[in-house]
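The values are calculated or read from the model by the stated rules, or taken from the named source; none is laboratory data. Keep in mind it's a predicted model, so treat the numbers as computed, not measured. Backbone-built Cβ (ideal geometry, glycine too); neighbour counts: all protein chains shown. We work out accessible area using only protein heavy atoms, side chains counted, and drop any ligands, DNA or RNA first. Shrake-Rupley method; radii C 1.70, N 1.55, O 1.52, S 1.80 Å.
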Amino acid sequence: MMGLEVSTLRVTMRRKLTLWAHFCLVLALLPSQTASVAVMSVDLGSEWMKVAIVKPGVPMEIALNKESRRKTPVAVCLKENERLFGDGALGVSVKNPKFVYMHLQSLLGKKHDNPQVAVYQKRFPEHHLVTDESRGTVLFSNSEEMQYSPEELLGMVLNYSRGLAQDFAEQPIKDAVITVPAFFNQAERRAVLQAAQMAGVKVLQLINDNTAVALNYGVFRRKDINSTAQNIMFYDMGSGSTTATIVTYQTVKTKESGSQPQLQIRGVGFDRSLGGFEMELRLQDHLAKLFNEQKKTKKDVRENHRAMAKLLKEAQRLKTVLSANAEYVAQVEGLLDDMDFKAKVTRVEFETLCADLFERVPGPVQDALSSAEMSLDEIEQVILVGGSTRVPKVQEVLLKAVGKEELGKNLNADEAAAMGAVYKAAALSKAFKVQPFLVIEATVFPIQVEFTREMEEDGSRSLKHKRRILFQRMTSYPMRKVITFNCYTDDFAFHINYGDLSFLGQEDLSVFGSLNLTTVQLSGVGSSFQKHTGAESKGIKAHFNMDESGMLLLDRVQSVFETIVEEEESTLTKLGNTISSLFGGGSSEPNANVTEPVQDEEVHPESVKEQEEAAPQEEKQEPGEKQQEEKVAPTQETTEGVDRKADPQDEKEGAKSGEAKTTEEAANTEAEKKAKPQKKTKISEDVAVELQVKDILNPNFEAIATSNKKLQDLTDRDLEKQEREKTLNSLEAFLFETQDKMYQEEYQAVVLEEEKEAIMAKLSQVSAWMDEDGYSASTKELREKLQDLRKLCKAMFFRVEERRKWPGHLAALESMLNSSSFFLRSAKLEHEDDRIFTDVELKTLEKVINETTMWKNNTVAEQEKSSPTERPVLLSKEIESKWALLDREVNYLLNKAKFAKPKPKVNNSTTSESSKANSSKMEEKVILPKEETKDEEGAEVQQEEPPIKEPTRQNTDSPSQSQPTDKTASTEGAEVQQEEPPIKEPTRQNTDSSSQSQPTDKTASTEPTERNQSENHIGDEL
């Protein structure tokens, strides 16, 4: 009985622990409401954008838009009370083109007088562009109230892209990596960051689109990358521009992760205006010319903005079709004055129209090779990227230019950049762990520092203009650089400008923008020199940082001095010198302070030659700053150790002379003790910095607040509109569905005639109101009408819903009662010796069964007597609760039976005694050749016998066999019983084999002779 209680306690404890474990597991799987782990990427092109996400369970996936498309047009439609994006905005552009804004990328970071703005105005004459007086940039102006900058419009697009990603990921997303063209300068990159800030997107990094493509290519070909460098060229022709990039793949060894794959951008060539959009404009102009030649109307189609928008849309389709077909019939219904347009265009005509564009295809390839200082023989493969590379003529010209057998088409031309960027986003996020892939970017435009210095020549002083290259062309980044100004003792200014841009063409230079970046005015230099008059000046050090996004930052400017300080001798040093003197270790004179010049971790670009020589190692220059500072100390320690080696030589000379210390030596020792060691230290004092931006001014705080409020108001208006449309749709659906239900039999059976008339009257009233005022009503009014209708029909819907649930719920309860009753009868039929359950447990189950049966019969009978129009007496919730209570009781008993240990059966005394006698004889035979030991009481202690444990070792998965073995091993009290294995161990090994334990116990107890014979046989062999 005690064993049964212990077993019941164990089962109860295990059940509680199991429930607690399930509770913890469910709690861990609940979605977190405090933070989101998903990240996104936006491949921001001039015409299209692709959005990709990474979330737990979804490695890398393109987010579909609301039309289930994998790419979305970069277009915004802004009317007075409406804002549309993507395909919806393109649909409006055909009807009202002046409200739709596209190809915003070409206006980012541009002043109003930039030639690129004039080109945009020519392409889209329906837009009115004005100058932003505060910054000199461009504004889209529809009216005095509706003026938007390109950054604000791009911010709307990025906010929309985040909404697409959140809907696809089903969780909030804030972190993103955004792609930009490799030829974007500092002003253009700042504009993208400002747009992301307005959209509420946290930019983890701006990544060049060519780098994102190269990363995507390398990630899925990691196994093919080895220590041998592989040079791959990616030729990317998109809608607005073309870029050729040379990338080197190879594995490098790192201290943190060992050998890892790496990609390095070696060369970049680009053409800002060569792309598919320019081809579409040529086709648009050709179609307009064909329509005018047909003379269906006296008007010139080029003067009608709406007609030209239709022709542009048809030109886009025409370019796509001609890439696969030799000819195509372009047609537009109602192009102008309700006149239809139809004309046949061939691929030959298309190639003739764009002949000058195709001649420019090899240009980026040559520029990339020139910047990388490579030849085409070193390029292993040329891979096509971008939608415009699908034009057959582009592939033909490019293949001839590169001289390869074929062009690589094994990369998704549209989605490669988005997938590479989202991989980078996952690597930068703390929520994901990805395999490392090192990326080394390259600066496309060199940056230099310019300043004036006062020089003395032939006795006269003059100002001389100096230039120092800060980042050369194709210099790797991210990187930190330090410029040291040695000849200034007072406040001064220096300028940060672009370097030599002679590799750009005249057209690219004209649209590049300002060549001057920033003027840095320093103040506090003179006061720092006055403060440290006794120290040696090490110059004014300006710390620059080119971060992962390609943005140049001035971290800090410091005035650095070096001074010599006396160092107190430590107590341990004094004690060591004293002990050394006592044992004849020499004098305790301090070491001479020989200090090497303090190493500077900065590069002093005093000459262009030195800067060029240091260029290959620039990327290691600043990250090792701390390491180099730490290396100075060991150098000093080594120097001091060399000085100490002179002391033992003096001791040896003193020993040779055999003379004791004289009074003169003692005086010298005292003088040397008074001399203290010296140490050089650095003193850095921050210098105040004032930056004057020279290219595109950043918006002030007031302008930023105004833009944020403007975008937030538009977002709130969109949300309000969506909520109203949702409520209106719900109200309309409720009206139509309820009116239809009132004529269905199941609803007519549960409703009184008076109630039916009231509901129908209310439905008719609301329907009439909808026809008159409903479609112009506010969201609040619509919601109130819907709530009133639901409240009126709630009782009727409840009665119908309950009657629908009765058959299934009652059948499930009846099945549970039958199975529970059968289980109870089977448990009662068990013999008392084999019974697992207590009487209390069986009576509890019987009580629950009887109460549930009685409740069911009484409630069903009462429900049959009540009217269908009354509130139901039999409720589905109560049926579910009764079923759950019965299921809980039965499961408890089933679990107890599953883990219970079966009771061993006891035979008659005669059989037991004879079994013991035979067992003792057998044990004597086995023990004879073995040594015997005695315990403290003098009784013999039998050594552990292998034959007894051997059957358990042979089959450890059967707990039923291990139990009788342990029983047989137990003999008279004089012998030490073998340790019985834990009860839980057989249960853990095979809980399903408990049913086999009873026949095993019977065999072991009723047939001792066979067991003894087998044991004697094993003993004889041993």
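Of the residues making up the stretch 379-400, those that are part of a helix (DSSP H, G or I), under 20 Å from VAL213 (Cβ atoms) and either charged (D, E, K, R) or open to solvent by less than 30 Å² (accessible area, probe 1.4 Å) (or both) are SER388, THR389, ARG390, VAL394, LEU398.
How many residues are exposed (fewer than 13 other Cβ atoms within 10 Å of the Cβ) and either under 14 Å from GLN284 (Cα atoms) or of a type in the set (Phe, Trp, Tyr) (or both) when one looks only at the stretch 332-350? Within the stretch 332-350, residues that are exposed (fewer than 13 other Cβ atoms within 10 Å of the Cβ) and either under 14 Å from GLN284 (Cα atoms) or of a type in the set (Phe, Trp, Tyr) (or both) number 1. Going by the conditions given, is GLU757 within 53 Å of the chain's Cα centre (by Cα) and assigned to a helix (DSSP H, G or I)? Spelling it out, it is not the case that GLU757 is within 53 Å of the chain's Cα centre (by Cα) and assigned to a helix (DSSP H, G or I). On the basis of being under 21 Å from PHE471 (Cα atoms) and touching a Ser or Thr at 6+ places or on another chain (Cβ under 7 Å), does ILE207 make the cut? Here the answer is yes, as ILE207 does meet what is asked.
Residue-by-condition table, conditions (1) surrounded by 21 or more Cβ atoms within 10 Å (Cβ to Cβ); (2) assigned to a loop (DSSP other than H, G, I, E, B); (3) modelled with pLDDT of 90 or more:
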| position | (1), (2), (3) |
| --- | --- |
| ALA418 | yes, no, yes |
| GLU441 | yes, no, yes |
| GLU450 | no, no, yes |
| GLU456 | no, no, no |
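Criterion applied to LYS847, LYS865, LYS898, LYS843 was being modelled with pLDDT under 90, open to solvent by 50 Å² or more (accessible area, probe 1.4 Å) and not aliphatic (A, V, I, L, M), and the one residue passing it is LYS898.
Here VAL74, VAL117, VAL6 are screened, and the one residue that is more than 30 Å from the chain's Cα centre (by Cα) and either within 21 Å of LYS313 (Cα to Cα) or at pLDDT below 85 (or both) is VAL6.
I'd like to check something: does the stretch 802-819 contain any residue that is open to solvent by 80 Å² or more (accessible area, probe 1.4 Å) and among the hydrophobic types (A, V, I, L, M, F, W, C)? Looking through the stretch 802-819, none of the residues is open to solvent by 80 Å² or more (accessible area, probe 1.4 Å) and among the hydrophobic types (A, V, I, L, M, F, W, C). Against the test of being touching a strand residue (DSSP E or B) at 6+ places or on another chain (Cβ under 6 Å), part of a strand (DSSP E or B), farther than 27 Å from GLN116 by Cβ and among the aliphatic types (A, V, I, L, M), the options LEU517, LEU463 yield a single qualifying residue, LEU463. Return a yes/no flag: does the stretch 420-435 have any residue that is under 30 Å from GLY276 (Cα atoms), at pLDDT below 95 and open to solvent by 50 Å² or more (accessible area, probe 1.4 Å). Checking the stretch 420-435: not a single residue is under 30 Å from GLY276 (Cα atoms), at pLDDT below 95 and open to solvent by 50 Å² or more (accessible area, probe 1.4 Å). How about the stretch 218-232: which of its residues are under 19 Å from the mean Cα position of the chain (by Cα), open to solvent by 20 Å² or more (accessible area, probe 1.4 Å) and touching a residue at least 12 places away in the same chain (Cβ under 8 Å)? Passing the criteria: only VAL219. Scanning the stretch 168-213 for residues that are open to solvent by 30 Å² or more (accessible area, probe 1.4 Å), touching a Leu at 6+ places or on another chain (Cβ under 9 Å) and closer than 22 Å to GLU67 by Cβ turns up just one, PHE168.
Count of the stretch 103-135 residues, restricted to those that are in a helix (DSSP H, G or I) and of a type in the set (Lys, Arg), is 2. None of LEU357, LEU353, LEU311 is surrounded by fewer than 17 Cβ atoms within 10 Å (Cβ to Cβ) and not charged (D, E, K, R) except LEU353.
Every test in (1) over 23 Å from GLY386 (Cβ atoms); (2) surrounded by fewer than 19 Cβ atoms within 10 Å (Cβ to Cβ) is passed by HIS103 save one, and that test is (1). Looking at ARG467, is it within 37 Å of the chain's Cα centre (by Cα) and open to solvent by 50 Å² or more (accessible area, probe 1.4 Å)? So ARG467 fails the test.
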